[in-house]
């Protein structure tokens, strides 16, 4: 009996010491019963210095009624649990460590509180990074480009500073932003500016694969694990060893995958599908999503503990409509890019077209802007890009209103294509001048030849309407049409 008890005690101690976060157990008298290795690293107290002492040495209010700012107190036993509360604990050297604390009360056979298990996640490195952000902003100054990311706006200058901070650390990063905002570019910038730059950068789109395929892709499988598994297959975690794994659209992770991912983030270990062998991996994880993970947590669709593991160092990438200062440099970059690819003598964008571009809401963000300039390179023979070279859903005011009134990205995208189809948007080859003339005539006829109304329909100025009518050989009086 004694041997069995001793063996169980040793196994429990080994389990606690294998956990990366600080874990300790207290009795109902607040005295420390168990103390894992991570608690020693966090506080500087060895187990023999902590065992038997009141946990008040970590927090002065531990054995007193609750007070704002402290959580390891008597109220824990009244509430029965504590979830992800930020607080500070005292170290042996007198300093304080910022932590996220969670706790669960232990009950005896009679249902009475008999103690509690407390977990502390050290936030020291994250807080140091946050303090360094302001310093870098002052020292680095304004940059208009950072690792292929264009942005002179204040919002993007902040993003550049955060990228530098994240690159100097190995913390898990969560990039939030709308579809097309450039989240993958941010992930690449972090990786290639970090100490892991010589290691692999492996990307997986969590929304592009079924649950079973995603599990196999992330963690790998062994031969015979399922029908079609004809050989062992290393997953992307293994392939990313020594480097970075980028989880795109992490908000789409199925619940079963969330559990396994949490284990990898906590323990840096996993098992292939169909295998019992535990594999250890050294991987830095960067996740990205366009969804509100906090809302998904509240709805029960995303694990709260996984959210906190991913959200250690968040970076918010603002939508293009919130950083209009970046549109012109982005347009110049895309023109240079497509001019080099196509050899077309496109020199820039005329003022009317640029006004349309600046006024548009860009629900597809930078990716949509790039596609619009690529479209213009198809229709424009040379010189400056004009309004009629832009996609119809961007230059037509009524279509803009439909697109920009949508709050849901997916709905906005569908509305844009549906509106374009309804308006008779052409997708095949066409003769440019004839098509421009037909479109101008349709706008004039629909507006009763009111030039101001035609301009609003086309998304250009009234002066531009007059100038283009002359260029297209359209008389000012409809009775003069041949």
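Applying 1/(1 + (r/R0)^6) with r as the Cβ-Cβ distance of residue 371 and residue 295 and R0 = 25 angstrom yields a FRET efficiency of 0.30.
Can you tell me how segment 199-252 classifies by the Cα gyration tensor, rounded, prolate or oblate, using a/c under 1.5 as the rounded cut? Oblate is the answer for segment 199-252, as a/c is 1.5 or above yet b/c matches or exceeds a/b.
For segment 1-50, rounded, prolate or oblate, judged on the Cα gyration tensor with a ≥ b ≥ c (square roots of eigenvalues), a/c < 1.5 rounded, else prolate if a/b > b/c? Oblate, because a/c is 1.5 or more while a/b does not exceed b/c.
Highest-first packing order for the peptide set 252-259, 220-227 is 252-259, 220-227, based on the mean count of other beta carbon atoms within 10 Å. Multiplying the residue separation of residue 324 and residue 192 by 0.36 nm and subtracting their alpha-carbon distance yields 44.8 nm. Taking all Cα pairs closer than 8 Å and separated by 6 or more residues, the relative contact order of segment 126-318 comes to 28 percent. Between residue 13 and residue 128, what's the calculated FRET efficiency when r is the beta-carbon distance and R0 is 35 Å? Round to 0.05. Once the sixth-power term is evaluated, E becomes 0.65. Per-residue packing, averaged as other Cβ atoms within 10 Å, sorts the ranges 473-479, 351-357, 379-385 into the order 351-357, 379-385, 473-479, beginning with the highest.
Among 292-301, 359-368, sorting by the average number of other beta carbon atoms lying within 10 angstrom of each residue, highest first, gives 359-368, 292-301. If you look at the Cα atoms of segment 126-318, you get an Rg and a Dmax of 17.3, 58 Å.
Using a simple spin-label model with pseudo-atoms 7 Å out from Cα toward Cβ, residue 280 and residue 148 lie 3.5 nm apart.
Put the Cα centre of segment 1-58 next to the Cα centre of segment 180-234 and the gap is 37 Å.
Any read-out appearing in this document is the output of simple, stated calculations on the displayed coordinates, not a laboratory observation. Keep in mind that this is a model prediction, so the values were computed, not measured. Glycine also receives a Cβ, built like all others from the backbone with ideal geometry; neighbour counts cover every protein chain displayed.
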